[in-house]
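Step one of this worksheet: look at the structure below.
Every number in this text was worked out from the coordinates using simple rules, so none of it is lab data. Quantities reported herein were computed from a predicted structural model and do not represent experimental measurements.
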Amino acid sequence: MAAKAITRLANRASIFSPLPRRCFTSSSEVNSHAPPFPPREDLTKRCVQWVFLGCPGVGKGTYASRLSNLLAVPHVATGDLVRDELASSGPLSSQLSEIVKHGQLVSDEIIISLLSERLVAGEAKGELGFILDGFPRTIKQAEILEGVTDIDLVINLKLREDVLLEKCLGRRICNQCGGNFNVASIDIKAENGSPGIVMAPLLPPANCMSKLITRSDDTESVVKERLRIYNEMTQPVEEFYRRRGKLLEFNLPGGIPESWPKLLQALNLDDYEDKRSAAA
């Protein structure tokens, strides 16, 4: 089954490449000392085919979505694809339900099948480029992606495991509007050379407060197992992109107010956001 899924993806390489690329414009020049990805002479020549890596709960979706809005390229999150399939009662839903309940990673063939369907649909709608979130997670997936498209940059979000655990256990969803919130209030003091970190809760509006539910897979044992499996399987993926000079490792210094401006600086996009804001 895995071989068939991989062959199917390779035979339909056009879903990845040559995908139309979304280029963004700015008169700024890239700093030679900024991120460790291949330098460009001018940001007008930068096109977006990016990947976000990071442990479950680190905030890949939050920052990928913000960059997607800023750069006007689609944010494709494999976690959302899995959740949509679960909610659809489709052919894979029962299999996925057992995998998610036990905190296991979804197999390559399932992820590739869901992702290929999403990218084909996006290409048909004229989408340009992409920001992938949650793929690739294994060397096999990285090699498949490498074979069918040119990834410009891989952003690896890093956060202390104790903070990750607290964040995951604080996640809540409104069962009416579907909004994602987080009730965890994190305030860890600096000690033994480790910096402190503060993350304010992301609370819902008053009308959602009584409708919050916890994801079934956000229990301490499941989250810890998810983190263990992720680290075991994804460290080789980090090295895969590090060797190719495409990996930008970004340590989150705090919540969104602290981290977002620093991420934009690392990507040489702070000036771009200023220009977009001025033009709005």
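Residues in region 87-93 carry Karplus couplings, in order, of 6, 7, 6, x, x, 9, 4 Hz; the curve used is 6.51 cos²θ - 1.76 cosθ + 1.60 with θ = phi - 60°, and Gly or Pro positions show x. Using C-alpha pairs under 8 Å with a sequence gap of at least 6, the mean separation divided by the residue count of region 69-173 gives a relative contact order of 35 percent. Rounded to the nearest Å, what's the spacing between the alpha carbon centres of region 154-211 and region 218-261? Just the number, please. Here the answer is 16 Å between Cα centres. Karplus-based coupling profile of region 202-207, in residue order and whole Hz: 9, 8, x, x, 4, 6, with θ = phi - 60° in 6.51 cos²θ - 1.76 cosθ + 1.60 and x standing for Gly or Pro.
In nm, what is the difference between 0.36 nm times the number of residues separating ARG228 and ASP84 and their Cα-Cα distance? Each step should come with its number before you reach the end.
Working: separation 144, 0.36 × 144 = 51.84 nm, distance 2.49 nm.
Additional length available on full extension: 49.3 nm.
In terms of distances greater than 25 angstrom between alpha carbons, the cross-link table entries LYS140/LYS246; LYS125/LYS211; LYS101/LYS189; LYS211/LYS262; LYS60/LYS101; LYS101/LYS167 yield LYS125/LYS211; LYS101/LYS189; LYS211/LYS262.
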